[in-house]
Structures are given as C-alpha cells and as structure tokens.
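The block underneath contains the structure these notes are about, expressed in structure tokens.
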Amino acid sequence: MTDILQFLYLPFLAGLILTGIHAYLGVHVVERGVIFVDLSLAQIAALGTTIAVLRGLEPHDPMTYWWSLGFTIIGAAIFAMTRVHRETRIPQEAIIGIVYAVSAAASILAMSKATGETEHLKDMLVGNILSVNAQTVIKTAILYALVGLFHYIFRKKFLAVSMGESIPNLKLWDFLFYTSFGFVVTSSVAIAGVLLVFSYLIVPSVAAMLFARSIGARLAIGWTMGALVSALGIFLSFHYDLPTGATIVCTFGIVLALLGAIWAIRRPQFSSAP
C-alpha cells in the first residue's frame with residue numbers, strides 16, 4: 001500500500017494543482033459563454049509545438065515551450081480583438097471554433113512534414129499525468145501560483161469583463177485574461193492532455209453552478225469536486241490498468257451526471273442557494 005501511495009502522490013498533487021487554477025478559470029469561461037476557448041488555445045499551442053519541431057527542436061525542448069506559448073499569445077490577441085457585443089450577430093464561440101479548426105488543420109499539414117516526431121506530438125497532446133515528475137509539479141505549481149496572484153490582484157477587472165460589464169481598456173483586460181489563460185493551457189496540456197484539461201476547466205464550474213450562485217461558493221464546490229474526482233480517477237486508472245486521462249474524464253462525467261440527478265430531485269431547495 002505504501003508503494004502505491006508513493007507512486008500516486010505526484011499525479012494526485014498535479015491533479016490538485018490543475019484543479020486549483022482551472023476551476024477558477026472555468027468560472028470565468030462559463031460566465032463569458034466561451035466554453036471551447038480552452039480547446040482552441042490548446043490546439044494553437046499544439047500548432048506552435050509542431051512548427052518548433054519542424055525547425056529541428058525536440059518536442060520537450062524548453063525552446064519548444066516558448067514557441068508554443070508564442071502561438072498561444074497570438075491566439076489570445078485574436079480572441080481579445082474579436083470580442084463581440086451582445087447585439088453582434090456573430091457569436092464569439094463561432095470565431096473560437098473557426099480558430100480551432102484552422103489550427104487543427106494547420107497542425108495536420110505541419111505534422112505531415114515531420115513524420116518522425118508525430119508520435120511524440122501525439123503523446124504531448126494526450127498527456128500522461130501518471131508519469132509526471134517532481135520537477136514538473138514544482139515548476140507548474142510556481143507558474144500557476146503566479147498566474148493566480150496576477151488574477152487575484154486584478155480580480156475586479158477580470159470579473160467585470162467576464163460578467164459583461166463595460167470598463168475602460170476592455171480589450172486590453174480581455175487580452176491579459178486570455179494571455180494568462182494561455183500560460184496555463186500551454187503547461188497543462190503537456191501534463192494532462194487536451195481532454196483532461198478541458199474537463200478540469202468546465203466540469204467543476206458547471207457542477208458548481210447547479211448548487212451555488214456566488215463566485216466564492218462555486219469555487220469551493222469546484223475545487224472540492226476536482227480534488228475528489230482526481231483522486232478517484234487516478235486510483236481507478238492505476239487499479240484497473242486504464243489510461244489515466246480518459247479515466248479521470250469519464251469519472252468527471254459520471255460524477256457530474258450524479259450531481260445533476262441530485263439537483264433535479266432537490267431543485268426547489270438549490271434554486272434558493274446563495
């Protein structure tokens with residue numbers, strides 16, 4: 001039992017770190033109504049990695065990360081500049097979808113010229129949280145702590161933008177939000193893969209919205225759910241020898257379905273929740 005705990009504690013810590021930042025960002029994403037922005041930014045990051053490989057870099061070379069981050073910042077600028085008002089006929093989700101599709105197609109074209117590295121790129125996109133090492137956990141924790149501190153300092157600005165309020169320099173704050181989001185996504189995808197990162201971002205926030213209205217209560221519910229599902233999913237993956245990312249994603253789905261059923265049964269009580 002001790003050996004199992006020693007093997008699983010780093011993946012569990014990585015899951016907690018991912019939960020901490022993504023559950024918070026998920027609140028903003030859901031409020032903004034840009035649900036698939038995470039997938040789109042992740043695909044842009046993958047395109048940056050692919051271009052770096054084409055230039056002769058290794059997939060896990062530190063310079064490859066900066067290529068990936070650079071492309072993600074370009075994506076952040078696109079999303080900030082194309083922010084739409086409610087009266088606009090074209091929703092921003094459509095723009096996000098177009099950027100995702102073009103980035104995915106460009107990645108496929110680029111990977112067709114880098115056949116020797118295709119498997120490495122696929123591994124990076126899928127992720128393997130069980131193989132995370134202590135150095136990666138520490139570096140990721142420091143990065144996410146800095147992003148979290150940045151958001152805490154300017155929390156009123158970011159919350160106002162996400163809630164649809166009109167503030168001075170709105171596009172600048174939108175750009176800063178998506179850029180900080182890009183730092184998180186670029187690192188998270190390499191650890192956990194696109195699907196798992198998307199689940200950490202969206203599922204806890206959606207579950208929290210069923211039972212709470214205030215931001216603080218939603219964060220508490222989201223963090224609790226993310227931590228428990230991470231632990232359960234990692235344990236099930238190890239015990240039954242299943243792919244870790246897919247197991248955690250499916251566990252998220254099952255838990256969300258159960259919470260949804262509880263909400264439906266006791267809807268009058270939760271409709272008055274704070």
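Test of understanding: among V184, V161, which residue is under 16 Å from V37 (Cβ atoms) and either under 15 Å from the mean Cα position of the chain (by Cα) or modelled with pLDDT of 95 or more (or both)?
Details: V161 fails: either under 15 Å from the mean Cα position of the chain (by Cα) or modelled with pLDDT of 95 or more (or both).
Every option except V184 fails the conditions.
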Please tell me if I74 is modelled with pLDDT under 90 and over 30 Å from D241 (Cβ atoms). no
Pair list, Cβ under 7 Å, 6 or more apart: segment 42-71 residue of a type outside the set (K, R), other residue surrounded by fewer than 14 Cβ atoms within 10 Å (Cβ to Cβ) and at pLDDT below 85: L54/K113; T64/E58
Conditions (1) closer than 15 Å to L69 by Cβ; (2) of a type in the set (S, T, N, Q); (3) surrounded by fewer than 24 Cβ atoms within 10 Å (Cβ to Cβ); number of the one not met by T19: (1)
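Would you pick out the residues in segment 148-184 that are aliphatic (A, V, I, L, M) and buried (at least 19 other Cβ atoms within 10 Å of the Cβ)? Spell out the reasoning first.
First pass over segment 148-184, keeping only residues aliphatic (A, V, I, L, M): 149, 153, 159-161, 163, 167, 170, 172, 176, 184.
Within segment 148-184, V161, L176, V184 qualify.
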If we ask which residues in segment 197-222 are over 21 Å from T186 (Cα atoms) and either surrounded by 20 or more Cβ atoms within 10 Å (Cβ to Cβ) or not small (G, A, S) (or both), their number turns out to be 12
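Picking from S214, S205, S237, which residue would you name as being more than 19 Å from I35 (Cα to Cα) and touching a helix residue (DSSP H, G or I) at 6+ places or on another chain (Cβ under 6 Å)? Walk me through it before giving the result.
Details: S214 fails: touching a helix residue (DSSP H, G or I) at 6+ places or on another chain (Cβ under 6 Å); S205 fails: more than 19 Å from I35 (Cα to Cα).
Of the residues listed, the single one that is more than 19 Å from I35 (Cα to Cα) and touching a helix residue (DSSP H, G or I) at 6+ places or on another chain (Cβ under 6 Å) is S237.
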Exception for L47 within (1) touching a Ser or Thr at 6+ places or on another chain (Cβ under 8 Å); (2) within 30 Å of E165 (Cβ to Cβ) falls at (2)
Kindly state which helices (runs of 4 or more DSSP H) lie completely within segment 133-242 and contain at least 2 residues that are touching an Asp or Glu at 6+ places or on another chain (Cβ under 8 Å) and more than 23 Å from A46 (Cα to Cα). 155-162
Looking for something surrounded by fewer than 19 Cβ atoms within 10 Å (Cβ to Cβ), part of a loop (DSSP other than H, G, I, E, B) and modelled with pLDDT under 85 - is there at least one such residue anywhere in segment 92-107? no
Scanning segment 243-265 for residues that are free of Cβ contacts under 8 Å to residues at least 12 places away in the same chain and more than 22 Å from the chain's Cα centre (by Cα) gives L258, A261, I262, A264, I265
When you look at L196, is it free of Cβ contacts under 8 Å to residues at least 24 places away in the same chain and out of contact with any strand residue (DSSP E or B) (no Cβ under 7 Å at 6 or more places or on another chain), yes or no? no
Being at pLDDT 75 or above and assigned to a helix (DSSP H, G or I) is the filter here; which residues of segment 111-132 pass it? M111, I129, L130, S131
Within segment 47-66, the count of residues that are over 13 Å from S107 (Cβ atoms), among the hydrophobic types (A, V, I, L, M, F, W, C) and part of a helix (DSSP H, G or I) comes to 2
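The values are calculated or read from the model by the stated rules, or taken from the named source; none is laboratory data. What you see is a predicted model, and the numbers here were worked out from it, not measured in a lab. Note: ideal-geometry Cβ built from the backbone for every residue, glycine included; neighbour counts use all protein chains shown.
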